[in-house]
Amino acid sequence: MPRSGPRPKRVNFAPRQAEIAIERIGGQGDGVGHLDGRPVYVPATVPGDRLSVRLAAAKGDGIAGEAIELLAPGPARVEPPCPYFGRCGGCALQQLSDDAYIDWKGQLLADALARRGLRDVELRPLLRVAPGLRRRARFALGTRGKGLALGFNMRESHAIADIEHCLLLVPALNRLIAPLRAGLEGLLAPGGHAALEATATETGIDLLIEQTGNAPSAAIRVRLGALAEELDLARVSWGRPGEAPEPIAMRRSPSESFGGVSVALPPGAFLQPSREGEALLLAEAREALKGASQIADLFAGCGSFSLPLAQGAKIHAVEGDKPATEALQAAVRRANIAHRVTVERRDLERAPLQPIELKRFDALLFDPPRNGAKSQAESLAKSDLALAVAVSCSAASFARDAQILVNGGYRLDWARPVDQFPWSAHLEIVARFSR
């Protein structure tokens, strides 16, 4: 709900030290205590912890704190399983017991909906994906002395936590870390950095190198080709952030199958983080869409929902990204299923499907990026469509879109939280809306 009254002034203080008792875990995974009536946010803490904390800086209406000494542990504190926890910024909650973690993560959705005035909603139990199943990783690469650091950025920093393995990743990605660090020496100038997006596809590792500056020299291209051969990579591509990547070495076409249809993936293609999480989301969507025969799949990507759902319905897949749209269109042609799947390229934020266009469907599924589907939700709320299913990776943007739909006459029948990002504050959601 909107905040009433004036916003409290930001905190002005010189850095100092204080004793803080942690009361709860906040929405971003930090422990929250109070000092002089203001919240203090302390990473890697649990309720009941009593700590000596350095008060580092203003943070919103409160204070960012850094734990100096644990004076007394809370009852939900456990030993983090990862040796890099605390330095690596990838995980926030390995210090929290599993029971407490489940309770906290399941509550994220309820809290987001309540802030939008949506309280009497059937919230189904949390579904979980285990660690060690993540098939996509975005590594940070930077120079360190005469060598390279490869890992993940430290919390709220461009500094890199150099790692040898990650508990979240599939074995194929973990086996890649050390050879990549050695094989990419010389790629960066002193002080340089790059992002390495690695995806374990059905046909091998797809590696995308993103960095600013000039394109790779002929010598670097030769080295990347040799590295692809040495590490048996399916493809190596290079690109600047925000620009279309250029394949440097292609040994096999990276591909994934959805509903029995193989899709040749463009460089940097979006996939759900794990096949297991993808299967959970699809099962929930199938249940919610049961009985629908004409379905619009919005923000369709490369077809992870469209192609499986086409086994029992006619699907119109809409996606704004050109490479993803072309990949899905090509897969539909190869599989000879154009009578069941049609594909449209369209920016749904600027040009959402209008109520008159929605009349030919009996259901709609939308799976937008993290910022949600505000424009499409507003258009959908004005339509007569009987059934809509939302898939979301942000509780906050989902709750906003849900409020728009409910205000437009929909019922939020149920919502299911799915934990596809262990030990983090990220949450996936599937929800069913009907008139």
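The values are calculated or read from the model by the stated rules, or taken from the named source; none is laboratory data. Values in this document were obtained by computation on a predicted structure and should not be read as measured data. Cβ coordinates were reconstructed from backbone atoms using ideal geometry, including for glycine residues, and neighbour counts include every protein chain displayed. Note: areas computed on protein heavy atoms with side chains; ligands, DNA, RNA excluded. Shrake-Rupley method; radii C 1.70, N 1.55, O 1.52, S 1.80 Å.
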Subject >> Hydrodynamic radius of the chain per Kirkwood, over alpha carbon pairs, in Å >> reply: 23.7 Å
**OP:** Only bridges with both residues in the chain count here: give the DSSP antiparallel percent, nearest 5.
**Re:** 70 percent
Subject >> Whole-angstrom Cα spans of the range 252-330 along principal axes, big to small >> reply: 38, 25, 19
Original post:
Rg and Dmax of the range 69-155, Cα atoms, in Å?
Top reply: 17.7, 59
Subject >> Total formal charge among the other residues, if their Cβ is under 13 angstrom from that of E69, Lys/Arg +1 and Asp/Glu -1 >> reply: -1
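Against the empirical 2.2 N^0.38 Å scaling, what ratio does the C-alpha Rg of the range 152-248 come to?
So the Cα radius of gyration is 1.07 times the expected 2.2 N^0.38 Å.
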**OP:** Subtracting the Cα-Cα distance from 0.36 nm times the residue separation, let me have the gained length for A279 to E326 in nm, one decimal.
**Re:** 14.6 nm
Original post:
Which residue, L207, L70, L227, tops the fluctuation ranking in a GNM of the chain built on C-alpha contacts under 10 Å?
Top reply: L70
Subject >> Dimensions in Å of the range 84-238 - Rg and Dmax from alpha carbons >> reply: 19.2, 62
Original post:
For the chain, what does -39500 (n - 2.57) per DSSP helix run (n ≥ 4), summed and divided by total residues, give at 222 nm, in deg cm²/dmol to the nearest 500?
Top reply: -7000 deg cm²/dmol
Subject >> Kirkwood Rh and Cα Rg combined as Rg over Rh, evaluated for the range 190-307 >> reply: 1.07
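Specify, per residue and in Å³, the volume enclosed by the convex hull of the alpha carbon atoms belonging to the range 367-423.
78 Å³
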Original post:
So, in the chain, how many Lys pairs have Cα atoms under 19 Å apart, if the pair is 8 or more places apart or on different chains?
Top reply: 6
Original post:
Solvent-accessible area per residue for the range 44-138 at a 1.4 Å probe radius, Å²?
Top reply: 48 Å²
Subject >> Residue of A331, A402, A218 that the Gaussian network model of the chain assigns the largest fluctuation, springs spanning Cα pairs under 10 Å >> reply: A218
Subject >> Diffusion constant of the range 276-435 at 37 °C, which comes from Stokes-Einstein with the Kirkwood Cα-pair radius and 0.692 mPa s, µm²/s >> reply: 211 µm²/s
Subject >> S434-D413 pseudo-label distance in nm [points 7 Å out on the Cα-to-Cβ vector] >> reply: 0.4 nm
Original post:
In the range 49-146, what GluC sites (Glu not before Pro) fall in a loop by DSSP, with at most 11 other Cβ atoms inside 10 Å?
Top reply: E122
Original post:
How far is it, in nm, from the label point at V78 to the one at A215 when both lie 7 Å from their Cα along the line to the Cβ?
Top reply: 5.0 nm
**OP:** Taking every Cα atom in the range 52-118, find the radius of gyration and the maximum pairwise distance Dmax, and write them in Å.
**Re:** 14.9, 41
